[in-house]
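**Q** Could you have a look at this structure, given as structure tokens, before my questions?
Each reported figure results from applying straightforward, stated rules to the coordinates on display, with no laboratory input. All values reported here derive from a predicted model rather than from experimental measurement. Glycine gets a Cβ as well: all are built from the backbone with ideal geometry, and neighbour counts include every protein chain shown.
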Amino acid sequence: MLLLAVIVFFTIVTTTLIRPASASPSLFHTVQHAVWHRGNASWYGPRFFNHRRKDGTRYLKNEIFVAHRTYPIGTVLRVVNLKNRRAVEVVVRDRGPYRDKHKPEQVTCQLDLSAKAAAMLGMMEDGIVPVAYQVIRR
């Protein structure tokens with residue numbers, strides 16, 4: 001009974017506090033039993049436009065996707081900017097982010113978002129933001 005109450009509470013909190021950056025209800029659906037992870041996210045700069053990604057396609061400026069080191073290509077993630085509670089659903093299309101070994105002071109990031117996804121999350125000015133993310137489907 002307590003577990004059911006916790007699940008219902010978590011569902012209500014996540015659906016009311018997290019507002020999607022895109023208003024399309026078909027893209028933003030509720031997942032009740034997924035595990036949330038926390039970490040930092042950065043975004044691809046303009047120098048990566050038109051480069052090849054791990055899935056074999058080219059990175060176009062207005063695409064919404066994310067890079068992750070271990071999730072399989074094609075995995076769909078919900079990413080929430082913890083500073084402003086904006087959310088977006090993205091597909092893993094590349095590997096990364098990678099840290100420069102010669103810069104130990106560099107912040108470790110778990111996700112690398114496309115410029116369009118970063119704009120939807122409102123993180124373009126910050127560059128690196130704290131995020132929560134969960135797998136929607138693999």
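**Q** Fewest to most neighbouring Cβ within 10 Å: what's the order for 68, 37? Mind dumping the intermediate values first?
**A** On the way: 68 21, 37 13.
By the 10 Å Cβ count, ascending, the order reads 37, 68.
**Q** Next question, about the same structure. When 1/r is averaged over all different Cα pairs and the result inverted, which Kirkwood radius in Å belongs to the range 32-138?
**A** Values: mean 1/r = 0.0725 Å⁻¹.
It works out to 13.8 Å.
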